[in-house]
Amino acid sequence: MAKSLSPNGTLARRRFNTKTLVLTTMALPGAIWLLLLRYLPMFGIVLSFQDYKIYTKAPSLINNILHSKWVGLENFKFLFATTESWVMIRNTLGYNALWIVLGIIFAVAFAIMISEMTTKFAAKVYQTLMFFPYFLSWVVVSYFVYAFLSPEKGLITNLQKNMDLDPTQWYSDPRPWPYILTFAYLWKNLGYSCILYLATITGIDSSQYEAARIDGASKWQQIRYVTLPHLRPMIIILFILSVGRIFNADFGLFYQVPMNYGPLYPATQVVDTYVYRALMSMNNIGMSSAAGLLQNVVGFICIMVANSIVRRVDPDSSLF
Amino acid sequence: MERLAGKRTWGGTRLGAVSVPTEIILHILVGLFAFICILPFIFTVIISFSSEASIREVGYYFIPIEWSLKAYDTVFDLGLQLYRSFFNSVFVSVAGTAISVLICILYSYVLYRRDYKYKKFFMFFSFFTMLFGGGLAPTYMVCKNLLGLNNNYAALIVPLLVSPFNFIVMRTFFRNAVPEALIESASIDGSGEYRTLFQIIVPISLPGIATIALLNMLAYWNEWFLSLLYIRDNELIPLQYMLMRTQQQVEFMVNNSGKTGPELSEAIRNLPTDSFRMALVVIIVVPIAFAYPFFQRYIISGLTIGAVKE
């Protein structure tokens with residue numbers, strides 16, 4: 001537009017350059033943040049290949065890194081030498097795989113059920129209540145769980161006592177924890193994904209259902225042939241995103257809800273909690289970085305593979 | 001949903017709707033889960049109003065033998081740490097939200113401008129960080145040792161300032177709300193880029209900005225991980241982290257109440273341990289519980305827009 005207004009190209013060019021410059025200054029605050037807090041730490045990956053030691057003469061991160069010994073893949077070897085690492089990998093992948101499937105099934109089911117309700121007010125109330133846990137922190141949730149499972153006063157512990165059963169030692173017995181964690185995860189997150197699916201269902205043109213009905217489609221057939229196909233892109237997008245994060249766990253869930261109790265680690269240790277504990281409790285920066293790097297590389301590969309498979313099968317649903 | 005429900009039921013017919021018994025089953029299933037979602041909070045409120053004697057007798061129970069306000073009395077009596085932490089939470093949430101929203105508006109506006117030369121570059125620059133990162137340990141080392149995010153307010157604010165996901169959400173908002181002709185005509189009228197953004201674009205994108213602000217505010221309000229990593233001074237810890245410390249050590253708040261000597265040991269002895277903790281939880285959740293039904297609408301629109309691929 002500016003170009004057509006100016007008689008000779010120079011004015012337009014100068015305005016164009018100023019514009020680019022001004023717009024670039026707008027991007028700068030965010031870009032600098034990304035550079036410092038996201039890209040700079042990527043160089044910190046070298047820590048995974050070092051035996052990180054404080055350089056006592058002039059301790060600073062850069063000096064420490066420059067003077068620490070390179071140990072190649074030693075940290076990774078140590079990581080895999082422990083049985084602990086297999087436990088945390090099994091837990092991370094196992095929980096994620098299970099929760100991806102359960103999450104999709106339950107959220108889609110609830111979304112369809114809510115969309116079929118004729119009393120709109122009730123549907124709205126259910127939706128609001130289901131979304132509520134999403135707004136709470138895991139610290140708060142850990143207290144909720146504690147109110148039910150506390151060894152002396154917990155509601156469930158006391159019910160067990162009243163029924164003359166042996167009360168479960170919830171905070172020292174890892175066996176029930178896969179169920180507790182699964183429940184806590186679904187409890188907190190279902191409302192969120194349910195709302196995403198519900199928004200998609202709301203967007204479906206009602207004439208499609210009318211046409212299906214006129215053709216004699218039953219309710220099940222309408223869901224099968226109208227609702228589900230419309231939900232497919234959303235299901236696939238959420239699926240790719242969660243597959244890309246299959247090696248990442250929600251730190252708060254695994255750290256706060258079991259209240260960091262050691263005996264529960266066999267069921268609650270995941271890569272994220274390990275990375276944190278190696279860094280903060282064991283002060284083993286090399287191992288922590290190595291585990292973190294592994295997590296990021298696997299995550300990156302997973303999201304790329306998932307996305308390219310989807311792109312091949314159904315180009316419209318792929319993420320990028 | 002409004003469209004569907006409206007078409008089907010108004011006027012008394014159930015044309016195309018599920019049968020009445022089916023609908024009753026739907027209400028039972030969904031209603032039960034919805035009830036379970038709110039139940040623990042109700043339970044916590046009840047425990048916080050139970051007397052210590054009642055808890056000793058029957059444990060945490062839905063109908064206590066005796067009600068009591070002692071937990072809240074104690075919480076406010078020992079409140080020094082509570083008030084301090086409350087201030088920290090509010091301060092960090094407000095400052096963090098303001099700065100992060102500003103950065104988000106600026107960055108996503110640039111992504112929204114089709115005529116901007118480096119749009120693709122900045123898009124990739126932020127999107128790539130969603131796919132790959134340095135990991136916790138390197139990020140921690142860089143933040144703490146190089147960037148000085150160590151035991152100060154900046155450590156609670158800076159690490160959450162930028163979210164590439166919010167950039168995408170905000171850009172989509174701009175696309176839906178702002179016609180590009182508007183920018184062209186503003187520029188022809190001689191408005192500078194910043195003026196166009198803040199006087200023309202921002203006022204018509206307020207719902208989108210509200211969504212981002214609420215999401216960020218919530219993230220800051222619920223934040224405890226940053227305190228776990230970077231904060232050592234009790235002076236600086238926000239509510240969520242205070243709650244976490246109280247879980248491991250009930251006396252934590254008493255020790256930071258400003259009481260000393262015999263008064264302190266008296267307070268520790270009389271501490272209504274169990275109801276006290278739950279009262280703290282209630283105090284932290286109540287602001288969210290009451291504000292949430294009102295801002296829910298904005299959050300939902302933000303979440304649904306962010307998840308929709310362009």
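Each reported figure results from applying straightforward, stated rules to the coordinates on display, with no laboratory input. All figures in this text were calculated on a predicted structure; none of them were measured in a lab. Cβ sites come from the backbone with ideal geometry, for glycine too, and all protein chains shown count toward neighbours.
Just a few scattered comments:
- Label-point separation in nm, A:Val22 to A:Val313, each point 7 Å along Cα→Cβ: 4.9 nm
- The relative contact order of the range B:79-235, computed from alpha carbon pairs under 8 Å that lie at least 6 residues apart in sequence, is 44 percent.
- Sequence of B:Phe124, A:Phe110 once ranked by neighbouring C-beta atoms within 10 Å, starting from the fewest: B:Phe124, A:Phe110
- Only lysine pairs 8 or more places apart or on separate chains count here, and in the range A:1-160 those with Cα atoms under 24 Å apart total 5.
- R0 of 25 Å, Cβ-Cβ distance A:Val46-A:Glu84: FRET efficiency to nearest 0.05: 0.55
- In nm, spacing of pseudo-spin labels at B:Leu80 and A:Ser60 (7 Å Cα→C-beta vector): 3.9 nm
- For A:Gln160 and B:Ile38, the FRET efficiency from 1/(1 + (r/R0)^6), where r spans their Cβ atoms and R0 equals 22 Å, is about 0.35.
- In nm, spacing of pseudo-spin labels at A:Val101 and A:Lys69 (7 Å Cα→C-beta vector): 4.7 nm
- Sorting the segments B:190-199, A:193-202 by their residues' average number of neighbouring beta-carbon atoms within 10 angstrom, most packed first, yields A:193-202, B:190-199.
- Only helices enter this figure: runs of n ≥ 4 DSSP H residues, each worth -39500 (n - 2.57), summed and divided by the residues of chain B, yield -22000 deg cm²/dmol at 222 nm to the nearest 500.
- In plain terms, the chain from B:Ala98 to B:Val20 could stretch by 23.1 nm, reckoned as 0.36 nm per residue minus the Cα-Cα distance.
- Here's how it looks for B:Ser50: its modeled amide H is under 5 Å from those of B:Ser68, which are all 5 or more places away or on a different chain.
- Computed on the range A:76-317, the Cα convex hull volume stands at 158 Å³ per residue.
- Computed from point charges on the beta carbon alone (+1 for Lys and Arg, -1 for Asp and Glu), the dipole magnitude for chain B about its Cα centre is near 1120 Debye.
- Rounded to the nearest 20 debye, the dipole size of the protein assembly as shown about its Cα centre is 2120 debye, using +1 on the Cβ of Lys and Arg and -1 on the Cβ of Asp and Glu.
- Helical runs assigned H by DSSP (4 residues or longer) give chain A a calculated mean residue ellipticity at 222 nm of -21500 deg cm²/dmol, each run adding -39500 (n - 2.57) before division by the residue total.
- At R0 = 25 Å, FRET efficiency that the Cβ-Cβ distance of B:Thr260 and B:Phe87 yields, to 0.05: 0.65
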